[in-house]
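Read-outs: derived from the displayed coordinates by stated rules, not from any lab. As the structure is a prediction and not an experimental result, all values here were calculated from the model. Reconstructed Cβ throughout: ideal geometry from the backbone, glycine too, with neighbour counts over all protein chains shown.
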Amino acid sequence: MWVDSFLAYLESECNRSKLTVETYRTSLEEFHQDMKARDESLEWGDVDADLVRDWMVELMERGNSPRTVCKKLSSLKTFYRYLLRSRLVETDPVHALQGPKKEKTLPQFVREAEMDRLLDGNYFPDTLEGVRDRLLLTTLYETGLRRSEICGLDWKDVDLTGQQLRVTGKRNKQRVIPFGSELCQSLLDYRQQLTQLPEGRIGTPAVFVEFRKGGRMTAGQVYDVVHRYLTEVTTLKRRSPHVLRHSFATAMLNHQANLQSVKELLGHTNLATTEIYTHTTFEELKRMYNQAHPRAKKN
């Protein structure tokens, strides 16, 4: 009951997305199952710091990454802050706990030449679905949208005259993203083909449509399309929509965009979140240097 009321609070009062709420639900249910496996009589008010520490150790031993464990701990901390404010518990057992140190990993991105080869090549079938798939990858690469944002994109959010998108991001924060003339023409052509379908075939205002049922594309369907086409041009282990978001940010910075502008386009709250891409571009700079400079090649 406490978990359900907390999740309802997250969605209605904190404006968290359904995906975020489900992430919290999963973490709390996992912890609750582990807690009950230790002692069936334990309740949320009985939890102490030692129990949570043991739980984190077990998560690491099961192969979870430090980042994953920290996210699960964060869910638990938010839950207990809610319980404390609601006077459902007398103490917060997790507020002072710290998660395992996260490994520092650079974002993976698809190189510009690989994206050019994909978008300018003959990888997409000459069908409406092929037109949609190419537009989907182009939009992700040229705007840096999150997967949830592109799934939620409606035609009313697309200003073809002004060449900009109005996007609703995390916590219902809105931002405006410009796009170029080539993407604008692709959107026009795609919309024209949608209008030629039989009446009633498309029952959604969404830009990106799943044609078998005529509804909005799901997050899983978007992932599958992106993964399938990126496999054609890159050997990256990760081939997800988020990799295209990384690719957008990296390409922008490689072509002299300032960090503050990229932050606004990505919808980041803090500049520190965006700064990780400066490390990525520096790695690219080192790679180019090592390939090009005669002394570096010699050594």
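Residue by residue, what Karplus-based ³J(HN,Hα) values in Hz, rounded to whole numbers, does segment 143-152 have, using 6.51, -1.76 and 1.60 with θ = phi - 60° and x for Gly and Pro?
Computed from phi, the couplings for segment 143-152 are 10, x, 5, 6, 4, 5, 6, 6, 5, x Hz.
Order of 50, 34, 133, 92 from fewest to most other C-beta atoms within 10 Å?
Details: 50 9, 34 14, 133 20, 92 17.
Going from least to most buried by this count: 50, 34, 92, 133.
For residue 161 and residue 211, what does the FRET efficiency come to when R0 = 35 Å and r is the distance between their Cβ atoms, rounded to the nearest 0.05?
Working: r = 27 Å, r/R0 = 0.78.
Efficiency for this residue pair is about 0.80.
Determine the gain in length on full extension of the stretch residue 189-residue 278; use 0.36 nm per residue of separation and subtract their C-alpha separation, reporting nm with one decimal. Present the calculation step by step, with values, prior to reporting the outcome.
Details: separation 89, 0.36 × 89 = 32.04 nm, distance 3.58 nm.
Value of the extension gain: 28.5 nm.
HN-Hα J couplings of segment 78-86 from phi, Karplus 6.51/-1.76/1.60, θ = phi - 60°, integer Hz, Gly and Pro as x?
4, 4, 6, 4, 5, 4, 5, 5, 7
Calculate one ³J(HN,Hα) per residue across segment 210-224 by plugging θ = phi - 60° into the Karplus curve 6.51 cos²θ - 1.76 cosθ + 1.60, and present them in order as whole Hz with x for glycine and proline.
8, 7, 5, 10, x, x, 5, 5, 8, 4, x, 5, 4, 4, 4
Only one of the listed values, (1) 20.7; (2) 22.1; (3) 19.4, was derived from the coordinates as Kirkwood radius over Cα pairs in Å; which label is it?
Here Kirkwood radius over Cα pairs in Å agrees with entry (2).
What percent do you get for the relative contact order of segment 112-292 when only Cα pairs under 8 Å and 6+ apart count?
The value is 24 percent.
Kindly provide the helix-only [θ] at 222 nm of the chain, computed as the sum of -39,500 (n - 2.57) over DSSP H runs of four or more divided by all residues, to the nearest 500 deg cm²/dmol? Mind dumping the intermediate values first?
Working: 14 runs with 170 residues, N = 299.
One gets -17500 deg cm²/dmol as the mean residue ellipticity at 222 nm.
Once you put a point 7 Å from the Cα of residue 256 and another 7 Å from the Cα of residue 224, both along the Cβ direction, what distance in nm separates them?
Those two pseudo-labels are separated by 4.4 nm.
May I ask you to list the GluC sites (Glu not before Pro) in segment 152-246 that are in a DSSP loop and have at most 15 other Cβ atoms within 10 Å of their Cβ? Show your work: numbers first, answer last.
Numbers: sites: 182, 199, 210, 232; in loops: 199, 232.
Passing both the DSSP loop test and the Cβ count: 199, 232.
If you stretched the chain out fully between residue 269 and residue 106, how much longer would it get, using 0.36 nm times the residue separation minus the C-alpha to C-alpha distance?
Between residue 269 and residue 106, full extension yields an extra 56.7 nm.
Please go through segment 177-255 and write out the trypsin sites (Lys or Arg not before Pro) that DSSP classes as loop and that have at most 15 other C-beta atoms within 10 Å.
201, 212, 213, 237, 238
With a cut-off of 20 Å, note down the residues of segment 84-101 whose backbone N falls inside the zone around a label point 7 Å from the Cα of residue 12 toward its beta carbon.
84-89
When a footprinting reagent is the concern and you count Cβ atoms within 10 Å, what order do 231, 143, 161, 281 take, fewest first?
Taking fewest neighbouring Cβ atoms as first place, the list is 161, 231, 281, 143.
Pairs of lysines 8 or more apart, or on different chains, with alpha carbons under 16 Å: count those in segment 24-146, would you?
Taking segment 24-146 as the scope, the lysine pair count is 5.
Describe numerically, in nm with one decimal, the distance between label points set 7 Å from Cα along Cα→Cβ at residue 81 and at residue 1.
Inter-label distance under the simple model: 2.6 nm.
Quick one: which residues, 5+ away or cross-chain, put their amide H under 5 Å from the amide H of residue 164? H built at 1.01 Å from N.
It is 159, 179, by chain and number.
Work out, step by step, the length gained on full extension between residue 113 and residue 231: first 0.36 nm times the residue separation, then minus their alpha carbon distance; give nm to one decimal. Let's see the in-between values first.
Numbers: separation 118, 0.36 × 118 = 42.48 nm, distance 1.45 nm.
Taking 0.36 nm per residue and subtracting the Cα distance, the gain is 41.0 nm.
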